[in-house]
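Below is one structure, written out as structure tokens; comments come after it.
The values are calculated or read from the model by the stated rules, or taken from the named source; none is laboratory data. Note that the structure is predicted; figures quoted are calculated from it, not measured. All Cβ positions, even for glycine, are placed from backbone atoms using ideal geometry, and neighbour counts span all protein chains on display.
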């Protein structure tokens, strides 16, 4: 569907959609109709949606049409997908598990309530892996359906990549926003831990779970993050970054990566340097090298605790991968768990040693491009440490391989410098788009 000027609605950025709605070039109903048409064309092949209700969408549109003229809600009429671990009072919430296939929460989680307060249209619930862990749902990568979209925010990333919604909400405990965004060729942003409310979201690891957001540009995810954090300065990327200090630090996990994934980042680094921004290369400081393993153990212990009810009453309905996680968790002593938490806290206190004067750090977003669907949802190894340290992280797309699958550039900054990270990512997005 097109606006009055003949431009495709579903190919617009969120800023363009907002302008079109505010200028009466299109109505919110026309915007939603355009995305519904897109869903009708591709959903059978992609399978991004867990719950979808046209009557619910219609009810939201009627409420928006009652709004007074000139209202200024930041997401008025903008469609958003919601990962199916976020409670919704008007749609079922299954947490990616058959155990909860008939679960109907009585309230919205905070994130959904905030979106509705800002005029967003909740299009439905997107597929999640089982309890945001490993067991994959049916979703396929829109760029090559023989491949996974990644996990655990599978449906959210795929829905944005396929043009079914311009924005979607997911989560990250290890790499569940960054990896799917990278695999699907879009932008994924995991803010600092605690910046966005987790109230009403099914927990996997209470000390590391973070709400993540997906869009097709840095500006789009910045807008969504600003709304959900209620830190509206995040939405303003107009002031340019001037000569950020950048570091590319090789971590032990890089040894697991395909040469092509590393080369894609090295090629991007060369472009950045050729345009006048030097990048310091080096190794991760020694005390930070075990952090991926530390994150794995902490996550296992906390997941086993968070899912105590399911272990007690629904064990037969849990996947083998989740049961294996519980067995691993049970093998980790309390002393080891507490020691791992001390290691994490010590490294957080030494973040200056990690950054070494840099403003932002660069790394591959994933070990490879998206694996084949039968090989699982891919590995989160390259995001584990940064997630555990609470760093804000974003991924932007780079080049693609011969199968049409993209590589991503992962960018991090210190905790609570989310606005700086978003501006730096927008600068890199612009820089690299001119050269790729």
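Brief remarks on what is shown
- Of all the listed residues (241, 246), the sole one being at pLDDT below 95 and either within 30 Å of residue 11 (Cα to Cα) or buried (at least 19 other Cβ atoms within 10 Å of the Cβ) (or both) is 241.
- Among the residues of the stretch 256-268, some residue qualifies, meaning at least one is assigned by TED's automatic domain parsing to the domain that holds residue 168, over 23 Å from residue 153 (Cα atoms), in contact with a helix residue (DSSP H, G or I) (Cβ under 8 Å, 6 or more places away or on another chain) and crowded, with 16+ Cβ neighbours inside 10 Å.
So that you can scan it fast, the table gives a plain yes or no per residue for (1) farther than 26 Å from residue 319 by Cβ; (2) surrounded by 14 or more Cβ atoms within 10 Å (Cβ to Cβ); (3) touching a strand residue (DSSP E or B) at 6+ places or on another chain (Cβ under 9 Å):
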residue: 347; (1), (2), (3): yes, yes, no
residue: 355; (1), (2), (3): yes, yes, yes
residue: 358; (1), (2), (3): yes, yes, yes
residue: 362; (1), (2), (3): yes, yes, yes
residue: 366; (1), (2), (3): no, yes, yes
residue: 370; (1), (2), (3): no, yes, yes
residue: 376; (1), (2), (3): no, yes, no
residue: 380; (1), (2), (3): no, yes, yes
residue: 383; (1), (2), (3): no, yes, yes
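- Summed over the stretch 143-161, residues that are part of a loop (DSSP other than H, G, I, E, B) and crowded, with 24+ Cβ neighbours inside 10 Å total 6.
- Filter result for residue 2 (at pLDDT below 95, farther than 18 Å from residue 164 by Cβ and surrounded by fewer than 21 Cβ atoms within 10 Å (Cβ to Cβ)): no
- Some residue of the stretch 120-127 being under 17 Å from residue 212 (Cα atoms), within 19 Å of the chain's Cα centre (by Cα) and surrounded by fewer than 24 Cβ atoms within 10 Å (Cβ to Cβ): yes
- Only a single criterion out of (1) under 23 Å from residue 311 (Cβ atoms); (2) in a loop (DSSP other than H, G, I, E, B) is not satisfied by residue 91, namely (1).
- With respect to being under 26 Å from residue 393 (Cα atoms) and touching a helix residue (DSSP H, G or I) at 6+ places or on another chain (Cβ under 8 Å), residue 98 falls outside the description.
- Filter result (over 22 Å from the mean Cα position of the chain (by Cα) and closer than 21 Å to residue 75 by Cβ) within the stretch 210-267: 238
- Selected residue (only one of 37, 48, 33 is in contact with a helix residue (DSSP H, G or I) (Cβ under 6 Å, 6 or more places away or on another chain) and either assigned by TED's automatic domain parsing to the domain that holds residue 159 or over 25 Å from residue 177 (Cα atoms) (or both)): 48
- Matching residues, the stretch 106-142, being part of a loop (DSSP other than H, G, I, E, B) and under 25 Å from residue 77 (Cβ atoms): 107, 108, 109, 118, 119, 120, 127, 142
- Some residue of the stretch 56-66 being buried (at least 20 other Cβ atoms within 10 Å of the Cβ), modelled with pLDDT of 95 or more and part of a loop (DSSP other than H, G, I, E, B): no
- Test set (1) over 21 Å from residue 378 (Cβ atoms); (2) touching a residue at least 40 places away in the same chain (Cβ under 8 Å) - residue 352 fails condition number: (2)
- A single member of 192, 205 is closer than 18 Å to residue 416 by Cβ and surrounded by fewer than 24 Cβ atoms within 10 Å (Cβ to Cβ), and it is 192.
- From the list 297, 301, 305, the one residue that fits, being surrounded by fewer than 16 Cβ atoms within 10 Å (Cβ to Cβ), closer than 23 Å to residue 383 by Cα, within 25 Å of the chain's Cα centre (by Cα) and outside the structural domain of residue 175 (by TED's automatic domain parsing), is 305.
- For the stretch 32-48, residues that are surrounded by fewer than 21 Cβ atoms within 10 Å (Cβ to Cβ) and outside any helix (DSSP H, G or I) total 1.
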